[in-house]
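Asker: Attaching a single structure in structure tokens format; questions to follow.
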Amino acid sequence: MAIFTIAGEVMKSLFRKPATKMYPAVPRIWERATRGHIAIDISACIFCGICGKKCPTHAITVDRPGKVWEIERLQCIQCNCCTEVCPKKCLTMENAYTAPSTGSVKDSFHA
Ligand code: SF4
Ligand code: SF4
């Protein structure tokens, strides 16, 4: 009987659309709740450094006198802690992942 089950599955597979996508030809559509990468509205940041202190992986560095906010993307584990503690609510979790890299992926934002 297993042969009929397998044959049935084969026949169904011939006529249904593939479960996989032709990435990257077909762009990936992220789910709304996907934790991808941290974004900052640097114009609202007061460089208090709370996000950097609360970050469990020390991915965020804040230079208050120089007014520079930096994040090491591949160090971030997308825990969302920084977005919750920011007093100015200028950090958000965007849903696209950071592109793969063999080296450091550091982003710097200046006021
Ligand atoms: S917690 Fe918010 S306001 Fe403070 S340094 Fe971080 S991003 Fe800027
Ligand atoms: S999401 Fe978590 S790990 Fe990533 S920068 Fe914010 S606090 Fe750090």
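Asker: Quick check on my filter: what residues within the stretch 37-67 are closer than 22 Å to Ser101 by Cα and outside any loop (DSSP other than H, G, I, E, B)? Spell out the reasoning first.
Answerer: Initial filter on the stretch 37-67 (closer than 22 Å to Ser101 by Cα): 37-40, 55-61.
Those that are closer than 22 Å to Ser101 by Cα and outside any loop (DSSP other than H, G, I, E, B): His37, Ile38, Ala39, Ile40, Ile60, Thr61.
Asker: Sticking with this structure for a sec: Does the stretch 94-111 hold any residues that are of a type in the set (A, V, I, L, M, F, W, C) and exposed (fewer than 14 other Cβ atoms within 10 Å of the Cβ), and which are they?
Answerer: Filtering the stretch 94-111 for residues of a type in the set (A, V, I, L, M, F, W, C) gives 96, 99, 105, 109, 111.
Ala96, Ala99, Ala111 - these are the residues of the stretch 94-111 that are of a type in the set (A, V, I, L, M, F, W, C) and exposed (fewer than 14 other Cβ atoms within 10 Å of the Cβ).
Asker: From the list Glu9, Glu70, Glu31, which residue is among the acidic types (Asp, Glu) and in a helix (DSSP H, G or I)?
Answerer: Values: Glu70 fails: in a helix (DSSP H, G or I); Glu31 fails: in a helix (DSSP H, G or I).
Among Glu9, Glu70, Glu31, only Glu9 is among the acidic types (Asp, Glu) and in a helix (DSSP H, G or I).
Asker: Filter the stretch 64-93 for residues that are more than 7 Å from ligand 1 (Cβ to nearest atom) and open to solvent by 70 Å² or more (accessible area, probe 1.4 Å) and give the result. Steps first, please.
Answerer: From the stretch 64-93, those more than 7 Å from ligand 1 (Cβ to nearest atom) are 64-68, 70-81, 83-84, 89, 92-93; that's our starting set.
Residues satisfying the conditions are Arg64, Pro65, Lys67, Leu74, Gln75, Ile77, Glu84, Lys89.
Quick grid of which residues meet (1) out of contact with any strand residue (DSSP E or B) (no Cβ under 6 Å at 6 or more places or on another chain); (2) β-branched (Val, Ile, Thr):
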site	(1), (2)
Tyr23	yes, no
Trp30	yes, no
His37	no, no
Asp63	yes, no
Val68	no, yes
Leu91	no, no
Gly103	yes, no
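The values are calculated or read from the model by the stated rules, or taken from the named source; none is laboratory data. Note that this is a predicted model, so its numbers are computed, not measured. Note: ideal-geometry Cβ built from the backbone for every residue, glycine included; neighbour counts use all protein chains shown. The area values use the complete protein model at the heavy-atom level, side chains included, leaving out ligands, DNA and RNA. Shrake-Rupley method; radii C 1.70, N 1.55, O 1.52, S 1.80 Å.
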